[in-house]
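The values are calculated or read from the model by the stated rules, or taken from the named source; none is laboratory data. No experiment lies behind these values; they were computed from the predicted model shown. All Cβ positions, even for glycine, are placed from backbone atoms using ideal geometry, and neighbour counts span all protein chains on display. These accessible areas exclude ligands, DNA and RNA; they are computed on the full protein's heavy atoms, side chains included. Shrake-Rupley method; radii C 1.70, N 1.55, O 1.52, S 1.80 Å.
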Amino acid sequence: MLNLGIIGTNWITSQFVNAGKENAAFTLTAVYSRTLAKAQQFAESVARPDAAFFTDLTDFFASDTFDVVYIASPNSLHKEQAIKAIEAGKHVIVEKPAFSNPAEFKEVKDALAEHDDIFYFEAARHIFDPNFQVVERKLAELEAKGSVNGATISYMKYSSRYDNVLAGEEPNIFSTKFSGGALQDIGVYAVYGALRLFGTPDKVHYFADMARTGVDAKGTAILDYPDYHVTLLFGKTAQSYVPTEIYAGKETLCG
């Protein structure tokens, strides 16, 4: 079992900690938060009040109380915190999206090259789930027949934080300062699924509905492949029940 440190005390961190505890993979031993009260409150909520608490990031990474860090801070902070973790000899699990842009990816890649004993993971597990692997096998069968001719991948869920936007506020997930927006937050699920199933497209077209805060609130992406198109539908300002479909002539994979 690995000792776990966390950055970010929201609901997704709680789910991660509880899952790690249930399968005996991790035990929470260190919590970083901007306030001591919030760190203590989180630790008590996951039944680990004996964890070490930190409000200074340098002290947190200098600590020997944990082996791996789970980073669930705002998107724009991922790169800096990940590099600090790598340099401190900590393994890293970072929430999606791991980076805000390709330049950040290169910085982290360069840091990892100097610490080749460190493992780095992005918490985007859906493409490794058993049900996704079933889809992959079925798609391979259809491709062998030459019948695949397109797909629609949909993931659209109304965010409670959008109510704050409508009230004139700017929550992190809808802020350009924190690399927010629909594509960064929820669109990555559709993008990763499409790339895993169909590979790299020849061209990409993105049509975004913008929030007043300057980020994309909802969008449609069209991926061009040699013989067909794949359409991605995602957003945080509407609730969609459109299924994901892969088209293959008379057959349709639907889920």
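If I model a spin label as a point 7 Å beyond the Cα along the Cα-Cβ vector, how far apart are those points for ASP202 and ALA37 in nm?
Going by the 7 Å Cα→Cβ label model, 5.9 nm.
How do THR152, THR55, THR220, THR200 stack up against each other in accessible area, from largest to smallest, with a 1.4 angstrom probe? Write out the running numbers ahead of the final one.
Details: THR152 25, THR55 75, THR220 45, THR200 120 Å².
Per-residue accessible area, sorted high to low, gives THR200, THR55, THR220, THR152.
Report relative contact order for segment 148-255 in percent, whole number only (criteria: Cα-Cα under 8 Å, sequence separation at least 6). Walk me through the intermediate numbers first.
Numbers: 218 pairs, mean separation 43.2, N = 108.
Dividing the mean separation by the residue count of segment 148-255 yields 40 percent.
Express the relative contact order of the chain as a whole percentage, based on alpha carbon pairs under 8 Å and six or more residues apart in sequence.
Computed over the chain, the figure is 15 percent.
Which one is right for this structure if semi-axes √(5λ) of the Cα gyration tensor in Å is calculated from it: (i) 28, 26, 18; (ii) 37, 20, 16; (iii) 35, 22, 18?
Derived directly from the coordinates: (iii).
May I ask for the distance between the Cα centers of segment 42-63 and segment 176-248, given as a whole number of Å?
36 Å
Heavy-atom accessible area of ASP110 with all protein chains present, probe 1.4 Å, nearest 10 Å²?
Per-residue accessible area (ASP110): approximately 70 Å².
Between ALA37, ALA52, ALA88, find the one with the highest GNM mean-square fluctuation for the chain; connect C-alpha pairs within less than 10 Å.
Result for the chain, Cα springs under 10 Å: ALA37 fluctuates most.
Which of PRO49, PRO171, PRO102 ends up with the largest GNM mean-square fluctuation for the chain, with Cα atoms connected below 10 Å?
PRO102
To make sure I understand the rule: partners must be aspartates and glutamates, Cα under 19 Å from the Cα of LYS218, and not fewer than 8 residues away in the same chain. Which ones qualify?
Qualifying aspartates and glutamates at Cα under 19 Å: ASP163, GLU169, GLU170, ASP185, ASP209.
What full-extension length gain, to one decimal in nm, is calculated for PHE132 and ALA238 as 0.36 nm per residue of separation minus the Cα-Cα distance?
On the way: separation 106, 0.36 × 106 = 38.16 nm, distance 2.48 nm.
Gain in length upon complete extension: 35.7 nm.
Can you pull the accessible area of VAL68 for me, 1.4 Å probe, Å² to the nearest 10?
For VAL68, the solvent-accessible surface is approximately 0 Å².
Provide LEU139, LEU183 ordered by accessible surface of protein heavy atoms (probe 1.4 Å), highest first.
Highest to lowest solvent-accessible surface, that is LEU183, LEU139.
So which GluC sites (Glu not before Pro) in segment 141-243 are both in a DSSP loop and have at most 14 other Cβ atoms within 10 Å of their Cβ?
For GluC sites (Glu not before Pro) across segment 141-243 that sit outside H, G, I, E and B with at most 14 neighbouring Cβ atoms in 10 Å, the list reads GLU169.
ASP185: net charge of surrounding residues, Cβ under 12 Å, Lys/Arg +1, Asp/Glu -1, itself excluded? Could the numbers behind the result be given before it?
Values: positive: LYS96, LYS157, ARG161, LYS218, LYS236; negative: GLU95, ASP216.
That sum, taken over residues with Cβ under 12 Å, equals +3.
In whole percent, what relative contact order does segment 72-159 give with Cα contacts below 8 Å and a gap of six or more residues? Intermediate values should be presented prior to the final figure.
On the way: 66 pairs, mean separation 22.4, N = 88.
After rounding, I find 25 percent.
For every helix of n ≥ 4 consecutive DSSP H residues, a contribution of -39,500 (n - 2.57) applies; sum these over the chain, divide by its total residues, and give [θ] at 222 nm rounded to the nearest 500 deg cm²/dmol. Kindly include the intermediate steps, with their values, before the conclusion.
Details: 8 runs with 83 residues, N = 255.
Result for the chain, helices only: -9500 deg cm²/dmol.
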